[in-house]
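First comes the structure, then the notes that go with it.
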Amino acid sequence: MEVIIHKCPNCSGPLTFEPKDQKFHCPYCLSVFTADEVSAFEEKQKAAQMAAPEESSKEKSEAGNETAAAGEMALYQCPSCGAEIVTDATTAATYCYYCHNPVVLLGRLSGKFLPDKVLPFAIDKKDATARFLKWIRRKKFIPKAFFQKEQIEKLTGVYFPYWVVDADTEGTFQGLGNVLRVWVVGDLEYTETKQYDVLRSGKIHFRQLTKNALSKNIKQKMVARIQPFPLDKTIPFKDQYLSGFQAEKRDIEFEKIDEDVTQELGDYTKEMLHDAAPGYVAIVNQKSTTKIDELKKNYMLLPVWVLTYREKGSDQVYYYAMNGQTGKASGVLPISYPKLFFAAAGIFFGILIFGLLGGYFL
């Protein structure tokens, strides 16, 4: 499997994508490049390599070797320093632990796993850190260890895989709608009930229904809580945008969620047709039909800032996530029970003193 580092055209230093200006920066010679400039340079490099004599099969295998390890772990060789890079089965972009250069595992994002689009980060780490600290200040009973410097440095930008669905549906909805009219004449109250045949039908266009495509995110509902993503800003996939971030490839195929998506689209269609018949006290004997006329799916990588925390002596892992485009945040946070105890004690003694003083002056 090919493991690459996107290199600076001027000094061959590792390029990283900077969300602030949506360009690629070299930390060594401080050069800045657009995506088109990086792509053009790399195309020339590929053409030159194809024209050069073929390297030996041994060199090829050493340059991009993948070997199975225990469980679902795999070993790769860093093209910069030659150190081993250990990843799990879904990692598609990461850092070399030794030279800290960003690497992209191209084999994990090729063929049927090639994303259709990517939504680049718009919030850089400095801004993400500031937003996290502002968000955490509103949480009163969080352990200090959760937002210490060493912990905050673990805040990581990750491209997560999603299926994004556009669909056209059509359906019918019918039933008997009840309308009540109540009036009073003297001491008598009259109630009139009228019943109408209700029929609604129509075509509905759904756009950008976003579904998780990574099994280890299923339990982490907070990733769903930071939606929606501004998908109108997605661009055709280029692996250069992964440089400087981590990335995951999908391990949930669309066939696995197809039935759930169909059910969800059908339920939405029924609900919208029902809502198109207002003014009735109740609609009874309801019947509905729905079908999908057209469904298009796209495999996308979407940006999320993630921070995890494990309390000492506990297996519980807490998560914080932030939308890498909009800044919307969510988290499953730890509680500092000493802080909670002292806050409760303060309230108790405050009420007690107020009561004693009140009784003294009465």
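The values are calculated or read from the model by the stated rules, or taken from the named source; none is laboratory data. In this text the structure is predicted, and so the values were computed from the model without any measurement. Neighbour counts run over all protein chains shown; Cβ positions are idealised from the backbone, glycine included.
Below are the figures for this structure:
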| read-out | value |
| --- | --- |
| Residue tally, condition assigned to a strand (DSSP E or B) and in contact (Cβ under 8 Å) with a residue 24 or more places away in the chain, over region 75-114 | 12 |
| Residue that is farthest from Trp305 (Cα to Cα) [pool: residues in region 156-212 that are more than 48 Å from the chain's Cα centre (by Cα) and among the acidic types (Asp, Glu)] | Asp187 |
| Some residue of region 165-180 being in the same structural domain as Thr262 (by TED's automatic domain parsing), farther than 30 Å from Glu264 by Cβ, in contact (Cβ under 8 Å) with a residue 12 or more places away in the chain and not in a helix (DSSP H, G or I) | yes |
| Odd one out for Thr94 among (1) closer than 24 Å to Tyr159 by Cα; (2) among the hydroxyl-bearing types (Ser, Thr, Tyr); (3) at pLDDT below 85 | (3) |
| Which listed residue, of Tyr280, Tyr241, Tyr309, is assigned to a loop (DSSP other than H, G, I, E, B), crowded, with 16+ Cβ neighbours inside 10 Å and aromatic (Phe, Trp, Tyr) | Tyr280 |
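The rows are residues; the columns are (1) of a type outside the set (D, E, K, R); (2) touching a residue at least 60 places away in the same chain (Cβ under 8 Å).
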| residue | (1), (2) |
| --- | --- |
| Thr262 | yes, no |
| Gly266 | yes, yes |
| Glu271 | no, no |
| Asp275 | no, no |
| Ala282 | yes, yes |
| Lys287 | no, yes |
| Lys291 | no, yes |
| Lys297 | no, yes |
| Met300 | yes, yes |
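Yes/no per residue for (1) touching a strand residue (DSSP E or B) at 6+ places or on another chain (Cβ under 6 Å); (2) part of a loop (DSSP other than H, G, I, E, B); (3) crowded, with 17+ Cβ neighbours inside 10 Å:
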site	(1), (2), (3)
Gly266	yes, no, yes
Glu271	no, no, no
Asn285	yes, no, no
Thr289	yes, no, no
Asp293	yes, no, no
Met300	yes, no, yes
Val304	yes, no, yes
